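Asker: One structure is given below, represented as structure tokens, and several questions about it will come after.
The values are calculated or read from the model by the stated rules, or taken from the named source; none is laboratory data. From a predicted model like this one, the values you see are computed outputs, not experimental measurements. In this analysis, Cβ positions are derived from the backbone assuming ideal geometry, glycine residues included, and neighbour counts consider all displayed protein chains. What goes into the accessible areas is simple: the full protein's heavy atoms, side chains included, and nothing from ligands, DNA or RNA. Shrake-Rupley method; radii C 1.70, N 1.55, O 1.52, S 1.80 Å.
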Amino acid sequence: MSEQTRYSESNPQETIDADVVIIGAGVVGGMMAWKLSQQGLNVVILDAGARVDRVNAINRFKSSVDKGANSPYEMMPWAPVPDDDDPLSYYVQPNLPPEGAPQEPLKQMAFEGFFMRLVGGTSWHWTGHAERLFPNDFTMKTSYNVGKNWPINYNEIQPYYNQVEDAWGVAGDASCIAPPRDKGYPMPVVPRSYLDRTLGAGVADNNLGPDSQPIPHCRNSIPRDNRPQCCGNSSCLPICPIGAKYDASVHVHKAEQLGTRVLPNRVAYQVALDNKGEVSGIYYRNFDADPKTGPIGVARAKVYVLAAHAVESARLMLLSAGKHNVPKAGLSNSSDQVGRNLMGFANVNTIGYAPESMPVYPYRGPVSATGAFGQWRDGEFRKDYASIAPFIINAAFRFANGPLDEAKSGIAQGLYGDELRQYIDNRTARQINLHSTIEVLPHADNRITLSDKLDPLGLPRPEVNFKLDEYTLKGCRTAWNWHMSVFHKLGIRTITDDPMPTDSDQDWEAFIRGDYAKEYKLSLSSGDAVIAGTVCMGDNPSNAVVNRFCQSFDNPNLYVVGTANYLSVGSASPSLTAAALGLRSAEHILSQFFQPTQGASA
């Protein structure tokens, strides 16, 4: 009799008992486990992926040819994720136009949101930006008559922002692009790079907008919390080799020191309910026990937390439908909102060469942005078009590989020796990447459902329906016009040394069709590492999945926490808000289910 036959849901290979079971060992799950473990609770985290050994990951990155975002990390076959170069290797998006056809973002937009299923989650290769949402991001309907209001406001979440910033170690000062705050930053600001200062001065001197400004970072500007000061390694995206940039493994480890059990390579596939509508267990496949068969295990607790990111949390809730007392509509889905309101950013991506008289020297300091422009983060314009966050990307054309690509180009032209060296130096020093992220509003038809195409475990892959609306596209047009104005005024040309397109209607239409993507690498995209919505919060169970504390309306001992709860994304990086929601939910769990200093089980 095979291993898989012997073990079943009625006869599991492993049974786990705890006070709180958390699915997902990322930013939110790690912070919540740390908070709950401080009060003596018996906490278990299950994660679908493996642990990450930083040294092995760095060596893997060094030996990688493409050096993509996921290249340092060993993805497990039982925990598939969107591939760096082909998100549709995991996502299923049947309504996209055929390959080679013009892009039509108002009808369907390729959703390229990427994430990792590992202990530490996507934070291993995130930018390290630690940005708060702006106060009006929480009141979009009231403030601008678009989108939706959150059930909480900025003042309610600000104490938890402060807690997360102190726990992570966030660097910033009053010069940062950020909303008002009631206390200072834990560390001095991460300085702008030479590229930031040069391009920012060019913008300001030519009356194209304000100078560039720094943004808050969760990377150490001074030694802190047994982690070193950032020394400017140009590989921090996809991996910081010295641990100066915060990642979720920090608080996963802190939680373990307090007694949390972290169990990797366990893929949750079914949430079970009892006849009262409370969660009674979560079934999973245990690939730690046997990488070939992944025998079935079950985790039981008093309280359950889904913190598996906006795609995987919603997917698990839909996968659970119709079994173990879960309604056919899915777990906690009486509102029919699970999977809906999918959001990411729209992205205006533009690169080019500065004139020889204006070397900017990219690849210095953190390769994510240390400089940005703040004129479109918030304001009355949001009644008409979306928030925009223009960033200067220190990684220039292609992080890690930009200079190597220049070397290949020079060799192809027959250059060698000093001539090749000078060619590489000259071209690399002039690479500029100006990137804008543009707000996407929540829409019920932008959603995650289950596909009939299966993953390696025989589970339905996530099917995506996603498009942009006119509000977001107007924001994209504003960003495109500004990018082109900056490039033309500063003499920045395309990668083929042609003049940049203009802000004319004709060139704009060509841009959104994708006509410039292949030749010039000027593109409109959506997703990246920002994935939100799908399990929205609210005060009314008829149109929301969880309440203001991220507690399920349908199943009171279930919390679903993270970017999935968002009702807006603004144009700020989302992780700080997700972690703040997690700490707020942990506090609520303690007050509702446990005595503050005593766990319910040994």
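Asker: Among the residues of the range 433-454, what is the count of those that are among the polar types (S, T, N, Q) and either part of a loop (DSSP other than H, G, I, E, B) or on the phi > 0 side of the Ramachandran plot (or both)? First the steps, then the outcome.
Answerer: Applying the first criterion (among the polar types (S, T, N, Q)) to the range 433-454 yields 433, 436-437, 446, 449, 451.
Add one more test, that the residue is either part of a loop (DSSP other than H, G, I, E, B) or on the phi > 0 side of the Ramachandran plot (or both), and what stays is 446.
Residues in the range 433-454 being among the polar types (S, T, N, Q) and either part of a loop (DSSP other than H, G, I, E, B) or on the phi > 0 side of the Ramachandran plot (or both): 1 in total.
Asker: Can you confirm whether PRO80 is closer than 18 Å to ILE448 by Cβ and surrounded by fewer than 21 Cβ atoms within 10 Å (Cβ to Cβ)? Can you show your working first?
Answerer: On the way: closer than 18 Å to ILE448 by Cβ: yes; surrounded by fewer than 21 Cβ atoms within 10 Å (Cβ to Cβ): yes.
Criteria met by PRO80.
Asker: Same structure again: Any idea how many residues of the range 361-385 are part of a loop (DSSP other than H, G, I, E, B), open to solvent by 30 Å² or more (accessible area, probe 1.4 Å), of a type outside the set (D, E, K, R) and modelled with pLDDT of 95 or more?
Answerer: Pass one, the range 361-385, residues part of a loop (DSSP other than H, G, I, E, B): 361-370, 373-379, 384-385.
With open to solvent by 30 Å² or more (accessible area, probe 1.4 Å) added as a condition, the list becomes 361, 363-364, 375-376, 378, 384-385.
Of the ones still in play, those that are also of a type outside the set (D, E, K, R) are 361, 363, 375-376, 385.
Filter once more, keeping what is modelled with pLDDT of 95 or more: 361, 375-376, 385.
Counting residues in the range 361-385 that are part of a loop (DSSP other than H, G, I, E, B), open to solvent by 30 Å² or more (accessible area, probe 1.4 Å), of a type outside the set (D, E, K, R) and modelled with pLDDT of 95 or more gives 4.
Asker: I've got another one for you. Need pairs with beta-carbon distance below 7 Å; first residue over 14 Å from GLY147 (Cβ atoms) and open to solvent by 30 Å² or more (accessible area, probe 1.4 Å) and within the range 468-492, second of a type outside the set (Lys, Arg) and part of a helix (DSSP H, G or I); sequence gap 6+ or separate chains.
Answerer: These pairs meet every condition: ARG477/TRP508.
Asker: Only one of ILE424, ILE388, ILE392 is open to solvent by less than 40 Å² (accessible area, probe 1.4 Å), modelled with pLDDT of 95 or more and over 30 Å from VAL530 (Cα atoms); which?
Answerer: Numbers: ILE388 fails: over 30 Å from VAL530 (Cα atoms); ILE392 fails: over 30 Å from VAL530 (Cα atoms).
From the options ILE424, ILE388, ILE392, the qualifying one is ILE424.
Asker: Among the listed residues ASP507, ASP497, ASP539, ASP515, which satisfies the condition of being under 30 Å from VAL20 (Cα atoms) and either out of contact with any helix residue (DSSP H, G or I) (no Cβ under 9 Å at 6 or more places or on another chain) or at pLDDT 95 or above (or both)? Steps first, answer last, please.
Answerer: Numbers: ASP507 fails: under 30 Å from VAL20 (Cα atoms); ASP497 fails: under 30 Å from VAL20 (Cα atoms); ASP515 fails: under 30 Å from VAL20 (Cα atoms).
Checking each option against the conditions leaves just ASP539.
Asker: Could you tell me which residue of the range 154-169 is surrounded by the fewest Cβ atoms within 10 Å (Cβ to Cβ), considering only residues that are free of Cβ contacts under 8 Å to residues at least 60 places away in the same chain and within 22 Å of the chain's Cα centre (by Cα)?
Answerer: ASP166
Asker: Does any residue of the range 36-46 turn out to be under 13 Å from GLY120 (Cβ atoms) and either out of contact with any helix residue (DSSP H, G or I) (no Cβ under 6 Å at 6 or more places or on another chain) or buried (at least 22 other Cβ atoms within 10 Å of the Cβ) (or both)?
Answerer: Start the filter on the range 36-46 by keeping residues that are under 13 Å from GLY120 (Cβ atoms), which leaves 45.
In the following step, the residues that additionally are either out of contact with any helix residue (DSSP H, G or I) (no Cβ under 6 Å at 6 or more places or on another chain) or buried (at least 22 other Cβ atoms within 10 Å of the Cβ) (or both) were identified as 45.
Taking every residue of the range 36-46 in turn, at least one turns out to be under 13 Å from GLY120 (Cβ atoms) and either out of contact with any helix residue (DSSP H, G or I) (no Cβ under 6 Å at 6 or more places or on another chain) or buried (at least 22 other Cβ atoms within 10 Å of the Cβ) (or both).
Asker: Could you figure out which of (1) at positive phi; (2) open to solvent by less than 40 Å² (accessible area, probe 1.4 Å); (3) more than 18 Å from the chain's Cα centre (by Cα); (4) not aromatic (Phe, Trp, Tyr) isn't true of GLY24?
Answerer: (3)
Asker: Here's a follow-up. Just to check your reading of the model, which residue among VAL569, VAL535 is assigned to a loop (DSSP other than H, G, I, E, B), among the β-branched types (Val, Ile, Thr) and under 19 Å from ASP336 (Cβ atoms)? Write out each step before concluding.
Answerer: On the way: VAL569 fails: under 19 Å from ASP336 (Cβ atoms).
Exactly one residue qualifies, and that residue is VAL535.
Asker: Of the conditions (1) open to solvent by 20 Å² or more (accessible area, probe 1.4 Å); (2) among the hydrophobic types (A, V, I, L, M, F, W, C); (3) within 30 Å of ALA167 (Cα to Cα); (4) touching a helix residue (DSSP H, G or I) at 6+ places or on another chain (Cβ under 9 Å), ALA248 fails just one. Which one is it?
Answerer: (1)
Asker: In the range 123-136, is there at least one residue being open to solvent by 30 Å² or more (accessible area, probe 1.4 Å), under 30 Å from MET75 (Cβ atoms) and not in a helix (DSSP H, G or I)?
Answerer: Looking through the range 123-136, at least one residue is open to solvent by 30 Å² or more (accessible area, probe 1.4 Å), under 30 Å from MET75 (Cβ atoms) and not in a helix (DSSP H, G or I).
Asker: Continuing with the same structure: Can you pull out every residue in the range 447-493 that is of a type in the set (Val, Ile, Thr), under 28 Å from LYS383 (Cα atoms) and in contact with a Gly (Cβ under 6 Å, 6 or more places away or on another chain)?
Answerer: ILE448
Asker: Given ARG266, ARG261, ARG285, which one is at pLDDT 95 or above and either surrounded by fewer than 18 Cβ atoms within 10 Å (Cβ to Cβ) or on the phi > 0 side of the Ramachandran plot (or both)?
Answerer: Working: ARG266 fails: either surrounded by fewer than 18 Cβ atoms within 10 Å (Cβ to Cβ) or on the phi > 0 side of the Ramachandran plot (or both); ARG285 fails: either surrounded by fewer than 18 Cβ atoms within 10 Å (Cβ to Cβ) or on the phi > 0 side of the Ramachandran plot (or both).
Just a single option satisfies the conditions, and that option is ARG261.
Asker: Here's a follow-up. Quick check on ASP211: is it acidic (Asp, Glu) and under 12 Å from ILE392 (Cα atoms)? Working first, answer last.
Answerer: Working: acidic (Asp, Glu): yes; under 12 Å from ILE392 (Cα atoms): yes.
Yes, satisfied.
Asker: Something else about it: Six or more apart or on different chains, Cβ under 6 Å: which pairs go from a residue in the range 181-201 that's surrounded by fewer than 17 Cβ atoms within 10 Å (Cβ to Cβ) to one that's in a loop (DSSP other than H, G, I, E, B)? Could you list them?
Answerer: PRO188/SER221; TYR194/TYR361
Asker: With (1) closer than 26 Å to HIS309 by Cα; (2) assigned to a loop (DSSP other than H, G, I, E, B); (3) open to solvent by 10 Å² or more (accessible area, probe 1.4 Å) as the list, and HIS253 as the residue in question, which single condition is left unmet?
Answerer: The single condition HIS253 does not satisfy is (2).
Asker: Suppose the filter is surrounded by fewer than 24 Cβ atoms within 10 Å (Cβ to Cβ), more than 30 Å from GLU356 (Cβ to Cβ) and of a type in the set (Lys, Arg); does ARG513 pass it?
Answerer: Values: surrounded by fewer than 24 Cβ atoms within 10 Å (Cβ to Cβ): yes; more than 30 Å from GLU356 (Cβ to Cβ): yes; of a type in the set (Lys, Arg): yes.
Judged against the criteria, ARG513 is a match.
Asker: Please find, within the range 342-360, the residue that is surrounded by the most Cβ atoms within 10 Å (Cβ to Cβ) out of those that are touching a Phe, Trp or Tyr at 6+ places or on another chain (Cβ under 8 Å) and part of a loop (DSSP other than H, G, I, E, B). Before the answer, list the steps.
Answerer: Kept after step one, since they are touching a Phe, Trp or Tyr at 6+ places or on another chain (Cβ under 8 Å), are these residues of the range 342-360: 342-344, 348, 350-352, 360.
Still in the running and part of a loop (DSSP other than H, G, I, E, B): 342, 360.
On the way: LEU342: 28, VAL360: 24.
Once the filter is applied, the top-ranked residue is LEU342.
Asker: If the requirement is being touching a helix residue (DSSP H, G or I) at 6+ places or on another chain (Cβ under 6 Å) and closer than 29 Å to TYR471 by Cα, which of these qualifies: ASN145, ASN136, ASN155?
Answerer: Details: ASN145 fails: touching a helix residue (DSSP H, G or I) at 6+ places or on another chain (Cβ under 6 Å); ASN155 fails: touching a helix residue (DSSP H, G or I) at 6+ places or on another chain (Cβ under 6 Å).
So the residue among ASN145, ASN136, ASN155 that is touching a helix residue (DSSP H, G or I) at 6+ places or on another chain (Cβ under 6 Å) and closer than 29 Å to TYR471 by Cα is ASN136.
Asker: Collect the residues in the range 538-553 that are crowded, with 23+ Cβ neighbours inside 10 Å and aliphatic (A, V, I, L, M), keeping them in residue-number order.
Answerer: VAL545, VAL546
Asker: Is there a residue being without any contact (Cβ under 8 Å) to a residue 60 or more places away in the chain, among the polar types (S, T, N, Q) and either in contact with a Gly (Cβ under 8 Å, 6 or more places away or on another chain) or assigned to a loop (DSSP other than H, G, I, E, B) (or both) anywhere in the range 415-432?
Answerer: To start, the set of residues in the range 415-432 that are without any contact (Cβ under 8 Å) to a residue 60 or more places away in the chain comprises 415-425.
Next cut, among the polar types (S, T, N, Q) only: 422.
Add one more test, that the residue is either in contact with a Gly (Cβ under 8 Å, 6 or more places away or on another chain) or assigned to a loop (DSSP other than H, G, I, E, B) (or both), and what stays is none.
No: zero hits.
Asker: Looking at the range 427-441, which of its residues are open to solvent by less than 20 Å² (accessible area, probe 1.4 Å), in contact with a strand residue (DSSP E or B) (Cβ under 6 Å, 6 or more places away or on another chain) and not hydrophobic (A, V, I, L, M, F, W, C)?
Answerer: SER436, THR437
Asker: Hey, among VAL535, VAL569, which residue is within 20 Å of VAL271 (Cβ to Cβ) and among the β-branched types (Val, Ile, Thr)?
Answerer: Details: VAL569 fails: within 20 Å of VAL271 (Cβ to Cβ).
Unique residue meeting the criteria: VAL535.
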